[in-house]
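Undergrad: Submitted below is the structure of interest, expressed as structure tokens.
Throughout, read-outs are computed from the coordinates displayed, never taken from laboratory work. In this text the structure is predicted, and so the values were computed from the model without any measurement. Every residue, glycine as well, gets a Cβ built from its backbone with ideal geometry; the counts of neighbours run over all protein chains shown.
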Amino acid sequence: MSAYIIRRLLLIIPTLFLVSILVFISIRLVPGSVIDLMVAQHGGGGDISSISSVEISPEGIKAALGLDVPFYVQYGRWIKEIIIHGNLGSSLWTQTTVTQELSRRVPITFELALMAFIIAQLLALPIGIISAVRQDSLVDYTTRSVAIVGLSVPNFWLATLVMVYPSVWWGWSPSMVYIPFSQDPLGNLGLMILPALILGTSMAGSMMRYMRTMMLDVLKEDYIRTAWSKGLKERLVVFRHALRNALIPVVTLLVGQFTVLIGGSVIIEQIFNLPGMGRLLLDTLVKRDYLMVSGLNITYATVGILLIILTDLSYAYLDPRIRYR
């Protein structure tokens, strides 16, 4: 097991190296230039701390930001800072480091993703199990219909309705001022529960259907029929014998969905005015903040790879027959 873990961790290095090249180049292929945006904003009276003391011209800004050299030289400088100093880069606009921004925004996105993930599993897993055990019953047909509705309704559309219609009908709308958890835990949870519910219910539909399918496959196995013939109680057959094996493929989808929640909460954070990683990524893309976007994508990739490794290791716990060599 230890040798397997070491090999998987070592494989992270070439994977992140390829990811770093892709994100470093791809952001520069987006139409528009950060230089043009800075010149235009400064000409309109905007304050740009990174170029406040340099000549306001395309050449002067390029030299000040280190963009006056070829891409491969810029990449070499950036990757050297990561390897030697652990520095993911700084904003071209404010000179704020990626690490500083992440320290402020990661807890917000992680809290939103975790709450949505818990809500989704509290809905999907029990309902999926009941639907499989009571196949073709009224409960099964009802839950399958609800799952289809959940899959069909986009979460951003539902979030927009939640923001607009209550304000029109009842004069109420969710608070748009973020409250840190350290200042007011109850106020923070009250602010986060609504976007978490929207995200969680939207992903619960697919998980519920997948859980039902896996349970149905396992319940048809010979060892399950043997357990029934021995006269075991339904609770023992379902939870001790069937559920553990059915969860093995489900875990892969669970981790994949959690990764999507972390990286795909951009629209929800924008609608509910949450200053998380998704909103930061959107703002930096609009501003063509090359190093900030690259640093954020490297962070997303690292989290995703580590979650995949944890998923693989969890298989051995769920099924003792699985061995890693």
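Undergrad: Which order results if Asp217, Asp222 are arranged by neighbouring Cβ count within 10 Å, fewest first?
TA: Values: Asp217 14, Asp222 7.
Listing Asp217, Asp222 from fewest to most nearby Cβ atoms yields Asp222, Asp217.
Undergrad: Also: Over the stretch 194-315, what relative contact order in percent results from Cα pairs under 8 Å that are six or more residues apart?
TA: Once normalised by length, the contact order is 23 percent.
Undergrad: Taking the Cβ of each residue in Leu123, Leu236 as the centre, tally the other Cβ atoms inside 10 Å and list the residues starting with the fewest.
TA: On the way: Leu123 22, Leu236 12.
By the 10 Å Cβ count, ascending, the order reads Leu236, Leu123.
Undergrad: Give me Lys80, Lys62 sorted ascending by neighbouring Cβ count inside 10 Å, so fewest comes first. Intermediate results must be reported in sequence, preceding the final value.
TA: Details: Lys80 11, Lys62 17.
With the sparsest Cβ surroundings first, the list reads Lys80, Lys62.
Undergrad: Separate question: Tell me, in nm to one decimal, what length is gained between Ser167 and Thr99 on full extension, where the rule is 0.36 nm per residue of separation less the Cα-Cα distance? Please report the intermediate quantities before stating the final value.
TA: Working: separation 68, 0.36 × 68 = 24.48 nm, distance 3.77 nm.
20.7 nm is the gain from fully extending Ser167 to Thr99.
Undergrad: What are the membrane-span-like helices in the chain by this rule: whole DSSP H runs, Cα extent along the axis at least 24 Å, mean Kyte-Doolittle hydropathy at least 1.6? All intermediate terms of the calculation are to be shown ahead of the outcome.
TA: Numbers: long enough: 2-26 (36 Å, 2.02); 98-133 (50 Å, 1.37); 185-219 (44 Å, 1.01); 243-263 (29 Å, 1.62); 290-318 (42 Å, 1.44).
Helices passing the filter in the chain: 2-26, 243-263.
Undergrad: Counting alpha carbon pairs within less than 8 Å and at least 6 residues apart, what relative contact order, in whole percent, applies to the stretch 98-286?
TA: 35 percent
Undergrad: Rounded to the nearest 500, what is the 222 nm mean residue ellipticity of the chain from helices alone, with -39500 (n - 2.57) per DSSP H run of 4+ residues and division by all residues? Provide the component values of the computation, followed by the final result.
TA: Numbers: 13 runs with 233 residues, N = 325.
That calculation yields -24500 deg cm²/dmol at 222 nm.
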